[in-house]
Every structure is written in structure tokens, then in C-alpha cells.
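The next block holds one structure in the form of C-alpha cells; read it before the comments.
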2 protein chains.
Amino acid sequence: MQLPEEVVERLLVRWPVARLATSGATGPHQVPIVFARSGGRLWSPVDGKPKAGGELARVRHVLADPRVSLLLDDYDRDWTRLWWLRVDAEARVVRPADPEADAEVAEALAALQEKYPQYELVPLLRDPPTLLSFQPTALRSWCASADASPTVC
Amino acid sequence: MQLPEEVVERLLVRWPVARLATSGATGPHQVPIVFARSGGRLWSPVDGKPKAGGELARVRHVLADPRVSLLLDDYDRDWTRLWWLRVDAEARVVRPADPEADAEVAEALAALQEKYPQYELVPLLRDPPTLLSFQPTALRSWCASADASPTVC
């Protein structure tokens, strides 16, 4: 069973977290990310949350291979309520010299700030400003039953 | 900051869901899975939850490339409580002719049944019986602060 189209739409706008899978030299790599939709794309900033240091694996991987997967889902002990939404996407690394002067980037940053009030305290960008931008190429969804949908609405 | 070793240990035994990333022909592929630890490996059955049909992509992918990633994490609106645990693993597809007669498989099935009471209603295996078995090759963890740990304990 697939998720109804309007639920998919809501998830892409409102769901707070995705798991990003990229291809690394030694196999697939995953990390949870925050994201917002803007201009038909999904955007995820390299933000001020603590990081392991150095250039992030997700950025290196996307530069080497732009094909990624984003997974939205929510585990529930009631297995009739399970669902997932998978977005295959072409990713690119965006490094704006002046983020606010780039209309596309400025719009994405505004969408991130609106979706995540946490950015009132956590820096939205680091130096140099870096974002990942995802152009969806395929959407696939699954839900265990019609009961699954309300949990995501 | 990394998760304390005893928290990692508890997560591998108790956390109810992982996101499995495999390498597909057109890029990385992800799906949420249930799993249990048995004999130092992680095990995930192709169970009776509704599926899209045909041989599962995760099984095809593992047969073509056994290198996978398992991600355990929990989103929280309080970003000081965020954490993740990533397990790189070598996967194999296990198709026991008689699951209960194979000691290693029987032990894994018992661990899955103990962890997930849902299997009282949902069939644990399909025909033919198929499981994915994961041998961890590397563990990496991250948490935003010391406050993150209690949420996973």
C-alpha cells in the first residue's frame, strides 16, 4: 500500500528528519539530517550542531557521486501504523559566497528557519556556508495499512 | 562527542528499528528494518509485514554487494538530545532449508521473537525462509551532548 499523495506532500514539507544515504568509497553511508523544501528541491544545511570535524563525509560523498537516498519514516510498536517515504535524489553541494544575495539560497534558508525554531539558537550555516540541495528523481512510499496515514498528518 | 560504550551495547540489543542502506544499481537504497542481536551478529527477517512484492530490493542488493550501513537514531526537537549510532556491516542472505534445525538461525529467531511480541501475530518468516545477517565491521557514534545519552537508556 502506498501513502496518499497529499500525505506525501505534507511529509516533504513538515516531517522533521530524514536519513540521508550517500555512496562512500567503502560502501553506503548514512546520517540523519534536517531539511526543508524550497523551490521544488529539498535543502539541508551544514549547520552549527556539533560535528565530528573536518569536511563532512556527506559533502565529500556527494561531490564524488550525486546519487543519494532520503528516507522518512516513523517506527511504531503497532506495526499496522508503519510507513516510509523514500526519495531518490540528485544532490549538489551549494557554497554561496553570499547566502543572502543568492535568491534561491536565501529562500531555502528562510524555509529552514521557519521549519526549525531551533535555528534561533543554533547557527544555520558555518564558515564557509555550505548546503546540500536535493532534486528528487523518484518517490516511493509504503504503509502497512490505511491506519498508518493519520500518524503522519 | 561519542555515545558511551554501555549505551552503544544497549542500543544494539534493545533499539527497535534501524535504517538499512544498501547499494543499488542506480545509487544507495534505504529501508527501515527490525533486527535482533544473536551470536555477535545482527539479524533481520524477511517477515510477514506487507511488502511491495517480488524479491525484495534489500535481498537483491546484498547478494550483489554485501557492504551495508545500519543507522540507529532518534529525532528530538531538543537538539541537545540528538544522537546516532552507525554500524557498517558485511551482510549475507541466509536461506535456511529448516530454520529450527539450524542452531545459529534458531537462536536468531528466538532473539527476534523475544524482542518483538508483534511476532505473536505477524509471521516471522515467509516461504522460502529468508533472513539478512549482519556482521559489524565498524561502529561510529555521535551525540550532541551528555544530555543525549539518557534518552536511549
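The values are calculated or read from the model by the stated rules, or taken from the named source; none is laboratory data. None of these values were measured; they are calculated from a predicted model. Please note: Cβ atoms are built from the backbone with ideal geometry, for glycine as well, and neighbour counts cover all protein chains shown.
Brief remarks follow.
- Test: residue in segment B:26-36 that is within 12 Å of another protein chain (Cβ to nearest Cβ), hydroxyl-bearing (Ser, Thr, Tyr) and either under 10 Å from the mean Cα position of the chain (by Cα) or farther than 17 Å from B:TYR119 by Cβ (or both): yes
- Some residue of segment B:40-49 being crowded, with 16+ Cβ neighbours inside 10 Å and of a type in the set (Ser, Thr, Tyr): yes
- Breaking point among (1) under 17 Å from the mean Cα position of the chain (by Cα); (2) under 25 Å from B:ASP74 (Cα atoms), for A:ASP76: (1)
- Test: A:PRO4 is under 27 Å from B:CYS143 (Cα atoms) and either surrounded by 14 or more Cβ atoms within 10 Å (Cβ to Cβ) or free of Cβ contacts under 8 Å to residues at least 40 places away in the same chain (or both): no
- Answer from B:ASP88, B:ASP65 - the residue that is in contact with a strand residue (DSSP E or B) (Cβ under 6 Å, 6 or more places away or on another chain), at the interface with chain A (Cβ under 9 Å from one of its Cβ atoms), surrounded by fewer than 18 Cβ atoms within 10 Å (Cβ to Cβ) and modelled with pLDDT of 95 or more: B:ASP65
- Residue within segment A:101-115 that is within 12 Å of chain B (Cβ to nearest Cβ) and either assigned to a helix (DSSP H, G or I) or over 30 Å from B:ALA57 (Cα atoms) (or both) present: yes
- Of all residues in segment A:49-90, those satisfying the criterion of being small (Gly, Ala, Ser), out of contact with any Ser or Thr (no Cβ under 7 Å at 6 or more places or on another chain) and under 19 Å from A:PHE35 (Cα atoms) are A:ALA57, A:SER69.
- Sole exception among (1) modelled with pLDDT under 95; (2) among the hydroxyl-bearing types (Ser, Thr, Tyr); (3) closer than 25 Å to B:GLN2 by Cα for A:THR130, by number: (1)
- A residue that is aromatic (Phe, Trp, Tyr), more than 11 Å from chain A (Cβ to nearest Cβ) and touching a strand residue (DSSP E or B) at 6+ places or on another chain (Cβ under 7 Å) can be found somewhere in segment B:42-60.
- Failed condition for A:THR137, given (1) closer than 23 Å to B:PRO28 by Cβ; (2) away from every other protein chain (no Cβ under 12 Å): (2)
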